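The values are calculated or read from the model by the stated rules, or taken from the named source; none is laboratory data. Just so we're clear, the structure is a prediction, and the values are computed from it rather than from any experiment. Every residue, glycine among them, receives a Cβ derived from its backbone with ideal geometry; neighbour counts consider all protein chains shown. Only protein heavy atoms, including side chains, enter the accessible area calculation; ligands, DNA and RNA are left aside. Shrake-Rupley method; radii C 1.70, N 1.55, O 1.52, S 1.80 Å.
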Amino acid sequence: MIPVIAIDGPSASGKGTVAQIVATKLGFHYLDSGALYRIVAFAIQQEGMDEADETRINQLLDTLRIEFNLGSIIVNKQDVTESIRSEECGKLASKVAALRSVRQHLLSLQQSFCQTPGLVADGRDMGTVVFPQAILKVYLTASANVRAERRYNQLISKGISANIMVLLQDIHERDFRDQTRLESPLKQAADAHFLDTSALTIDQAVNQVLIWYSAVSK
Ligand code: DC
């Protein structure tokens, strides 16, 4: 069976960075499942659609041609790599991710990333729903304050102004929405390792995941 490492956790926990480095170190493919929900949100924004209009959103989903190409994300020939990273897009992604039809539509696309020699996938439901067979599951988190601080530093370093209290509030709202929705809510899988990175460096978090992986891949 193709090995999958599933890394789930709340927003701004650093799971994307950790997952990407682990994938590179192991020579595995990488799936940023949050990007797919962000793509849907971005397309809804561009079309000026109502975020609750499931019928139109379903029609829109059928028209999206998504390509991941050397670190760039191309949707219907438009490069959306940077545009989907805005706070606004993340917030809308969290809302549309609660729609059953959106999750159903993205399921097989996510599963198609499972290819040899292996996959590291990050998101909210990688270990619970999309890849329940994953050889290693990690629930990676950090305190809300630490996550707000990390997001703040990330935005400032990109020259984008930010307010840490607003970011903290957004994080709380997003956690609440992602954890309480009916469809595939964010939760730790029963067989997942818990990793709190509040006091860890990225390297320490990566090493911990690699240690767990080497224990199960023998
Ligand atoms: O990881 P992220 O912040 O880029 O994800 C954006 C939103 O997408 C997140 O708030 C909830 C949703 N999401 C999801 O519901 N399931 C996933 N596997 C990944 C993301």
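Assorted remarks:
- When the Gaussian network model of the chain links Cα atoms closer than 10 Å, the mean-square fluctuations of Thr81, Thr180, Thr55 top out at Thr55.
- The 3J(HN,Hα) values that the Karplus relation (6.51, -1.76, 1.60; θ = phi - 60°) gives for segment 185-190 are, in residue order, x, 5, 7, 6, 5, 4 Hz. Gly and Pro appear as x.
- The mean accessible area for residues of segment 102-196, using a 1.4 Å probe and ignoring ligands and nucleic acids, is 50 Å² per residue.
- Between Phe194 and Ile160, the C-beta separation translates, for a Förster distance of 25 Å, into a calculated FRET efficiency of about 0.20.
- GNM flexibility winner over the chain from Gly90, Gly159, Gly34 (Cα, springs under 10 Å): Gly159
- Comparing Ala23, Ala199, Ala43 in a Gaussian network model of the chain where C-alpha atoms under 10 Å apart are linked, the largest mean-square fluctuation is found at Ala199.
- Based on protein heavy atoms only, segment 1-63 ends up with 41 Å² per residue of surface accessible to a 1.4 Å probe.
- In segment 156-218, Rg over Rh equals 1.09, where Rg is the alpha-carbon radius of gyration and Rh the Kirkwood radius from pairwise Cα distances.
- Sorted largest first, the principal axis extents computed over the alpha-carbon atoms of segment 1-66 equal 40, 27, 17 Å.
- Bridging of Lys137 to aspartates and glutamates at a Cα separation below 13 Å is possible for Asp8, Asp122, Asp125, Asp191, once same-chain residues fewer than 8 apart are set aside.
- Cα centroid separation, segment 147-181 to segment 79-98 (Å): 13
- Ligands, DNA and RNA left out, the accessible area of the chain computed with a 1.4 Å probe is 52% carbon and sulfur.
- Per residue, the convex hull spanned by the Cα atoms of segment 1-114 amounts to 109 cubic angstrom.
- When the convex hull of its Cα atoms is viewed from all sides, the chain shows a mean projected area of 11.7 nm².
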